[in-house]
Structures are given as structure tokens and as C-alpha cells.
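See structure below.
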């Protein structure tokens, strides 16, 4: 490398974590799908493509019925926490719930408050509409250049200038991310105002187990006046 070469470095990157179980826990997947009671989401919009149901319970992992899924997720959460936060303090589930989406339904862009690490674990999904979209946390003062279209200038898209990163999802995949990171779900190809017609096919429903976490003991330092 000569002294005139330009070197580009990534600083303050945001790590995400991905792990897969395949069909290893399929019996527990089906148990959660079969035995969970659902309620219509209060933010539902009366039958359009953004409707989804949520589990009546917001603590579905606080049970001994699905020990393999629980242990798999929690062990990876705590491994990921070492990288994300640089310490070995263990986290625990604060809430966990299941979202049931009929075919082609999406989830709006959002983030999780009062949580350290959040994630999605796919109990059942189809490849066409199960993507997880992670959105750049844009700040005021950014330069408003025209959007670069990957189909026309693919070589110019990189981790520094893209606004959204899409993580493909399959049944049995776990995706972990810091709870402050904005995210959405779905392929983004359906008209949000388009109404469902006919009877949805349950075999094509997307079932996603979502969760929040926090430390299981006080954090912070008393003398630094930031203890919680």
C-alpha cells in the first residue's frame, strides 16, 4: 500500500446476530402455533394488508413447554450481548409474544423501548414475505441526495450509504439486534391499502416470536449517579 492510497474504515458499526435451528425444534414450533390464543391487534386497520394478530400472552417464553426454543434464544442473546455491550452480565426475557400475519402482510417501521436486545424468531414463514428490514437511524443534518437505485447503480451501494438492510428469514431462524434499531417486516411489494379477499390460507401464515430483554440485576454505578 502506497502513501497515496485512500483507506476507508467503518467506525461504530451496528452488529446484528443470526442463528438457525432448521427443523430441529419443529415440534415446539407447532405447539406454539397450535396452542397460542390470539387477539386482534388494537392498531389493526379493519381488514387491510397491514392487519395482524398478536398472542394474548406477552410472556410466551415464560413456560416449560418450549425449553429448547427458550434456551436456544436466551443463550444466543447473552453471547450477542458480550459483543454489543462488552460485558458478561446476563439478560433475561422481559416480554415475549407471537405475531400472526396472513399471507403478504407487513409490519410497520418501529423500535422497541425499555429493552436492551430484541429479536425475531420465525416459527413459520414463507420465503416471499418474511424478510426483516433493518433501517438506518438517520440524524438531522444529513445531505439529501437522490436515492440510489440498486438496479441501476448496484456497485455504488454499500454498508455506509444504504438506508435499509434486508435480512432474509426462514423458519427456524433467529435474528437479534439492539432494541433501539428501527425495523420492519415484509417484502414491501404489496399495496398497504389493498383489502384481503377470500379466505387466507393458514399454511401461508407467518408466525414470528418476538421478544425484549433486560439485565436481571441493577445496572450502572452508584457513584456515577446512573444506577438503575
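Values in this text are rule-based calculations from the coordinates and carry no lab data. Here the structure is a predicted model, which is why all the values come from computation and not from measurement. No Cβ is skipped: glycine too gets one built from the backbone with ideal geometry, and neighbour counts run over all protein chains shown.
Here is how the numbers come out for the structure above:
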item	result
Mean Cβ count within 10 Å, highest first, over the residues of peptides 84-91, 55-62	55-62, 84-91
Overall Cα dimensions of region 58-127, principal axis frame, Å, largest first	40, 30, 23
Label-zone membership for region 81-111, site residue 203, 7 angstrom Cα→C-beta point, backbone N under 19 Å	101-105
